[in-house]
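Since every read-out is calculated from the coordinates, none of them should be taken as a lab result. Just so we're clear, the structure is a prediction, and the values are computed from it rather than from any experiment. Virtual Cβ from ideal backbone geometry, glycine too; neighbours counted across all protein chains shown.
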Amino acid sequence: MDKNEIRELMRFFDKSDITKLKIKEGDFSIELQKGFEPTVVHGTPMVSAPMAPAVATSAPVASSVPLSSGEASVNAASAGLSIKSPMVGTFYKSPAPGAAAFAKVGDVIRKGQPIGIIEAMKIMNEIEAEFDCKILDILVADGQPVEFDMPIFMVEKV
């Protein structure tokens with residue numbers, strides 16, 4: 001399939017009542033899905049945007065536990081400030097596997113400083129702090145799928 005055929009297929013899929021479509025033709029395969037239901041492709045969980053066609057791709061997913069500190073979580077909940085995901089994608093806490101995290105619990109972050117990356121459609125989008133803050137809790141694990149407007153960090157303004 002060429003790009004124009006794929007675009008036409010996506011338009012048709014978007015306008016139809018079909019919620020999931022998988023096509024395999026020789027070495028080429030494409031999978032489209034509407035909604036929030038997670039799809040597993042080659043052992044990797046994938047999340048598609050709501051009511052929009054999405055091409056399933058393989059992304060690295062680390063199996064780690066979200067970081068938290070009990071006392072900070074209580075303070076964060078009472079403060080109610082969070083930094084939220086600006087898009088659907090996969091959250092990464094560092095610029096590369098094995099590299100130091102952009103932000104850790106207890107770090108003071110300045111406005112404009114990178115705090116994480118969200119991968120969306122194979123594009124790495126750096127997320128920056130919108131104000132000076134202290135990280136109280138990290139609410140998502142490295143490699144975890146995130147939704148639009150989902151809280152990622154609990155923070156306290158400084």
> Can you list residues whose amide H is under 5 Å from ILE109's amide H, if they're 5+ apart or on another chain and H is modeled 1.01 Å from N?
Replying inline: CYS133, LYS134, ILE135
> Which of the GluC sites (Glu not before Pro) found in region 78-135 are in a DSSP loop and have at most 16 neighbouring Cβ atoms, other than their own, within 10 Å?
Replying inline: GLU130
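Using a Förster distance of 35 angstrom, determine the FRET efficiency expected from the C-beta separation of LEU9 and ASP149, and round it to 0.05. All intermediate terms of the calculation are to be shown ahead of the outcome.
Values: r = 30 Å, r/R0 = 0.84.
The pair LEU9/ASP149 has a calculated efficiency of 0.75.
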> Got a sec? Charge dipole of region 70-157, +1 on Cβ for Lys and Arg, -1 for Asp and Glu; which of ALA141, THR90, GLN113 is way out at the positive end?
Replying inline: GLN113
>> Can you tell me, using C-alpha contacts under 8 Å and at least 6 residues apart, the relative contact order of region 70-157 as a whole percent?
In response: 40 percent
> Can you list the lysines whose alpha carbon sits under 29 Å from that of LYS134, skipping same-chain ones fewer than 8 residues off?
Replying inline: LYS84, LYS93, LYS104, LYS111, LYS157
